Amino acid sequence: MGIWASHLDNHAVDLKPLVTLLAIVNPLACVPFFIHFTQDFGPSQRRRTVWIASVTVFIVIAVSALLGLQILSFFGISLASF
């Protein structure tokens, strides 16, 4: 039991950032907005919109992950403020 419990604890720690990210981004809540705002788009225009939105979200999340603390300190904001 001890080996399995420690193995499961390690995987639970690995999933915390993913669960946090999904809670913040909430992709399922974005689907109705996407459908509404692209209802008059053709298939190719809709695919292009998905691609641009995905790349933009990736860049914003990556920059936030890599430079977030530096950006906050530049503006004089600490993590304790949150």
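Per the conditions (1) exposed (fewer than 11 other Cβ atoms within 10 Å of the Cβ); (2) modelled with pLDDT of 85 or more, the sole criterion not satisfied by Trp4 is (2).
Listed here are the residues, each with its yes/no results for (1) surrounded by fewer than 10 Cβ atoms within 10 Å (Cβ to Cβ); (2) outside any loop (DSSP other than H, G, I, E, B).
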{"residue": "Leu18", "(1), (2)": "yes, yes"}
{"residue": "Leu28", "(1), (2)": "yes, yes"}
{"residue": "Gln39", "(1), (2)": "yes, no"}
{"residue": "Gln45", "(1), (2)": "no, yes"}
{"residue": "Ala53", "(1), (2)": "no, yes"}
{"residue": "Val60", "(1), (2)": "no, yes"}
{"residue": "Val63", "(1), (2)": "no, yes"}
{"residue": "Gln70", "(1), (2)": "yes, yes"}
{"residue": "Ile77", "(1), (2)": "no, no"}
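The values are calculated or read from the model by the stated rules, or taken from the named source; none is laboratory data. Remember, predicted model here, so these are calculated numbers, not experimental data. Glycine gets a Cβ as well: all are built from the backbone with ideal geometry, and neighbour counts include every protein chain shown.
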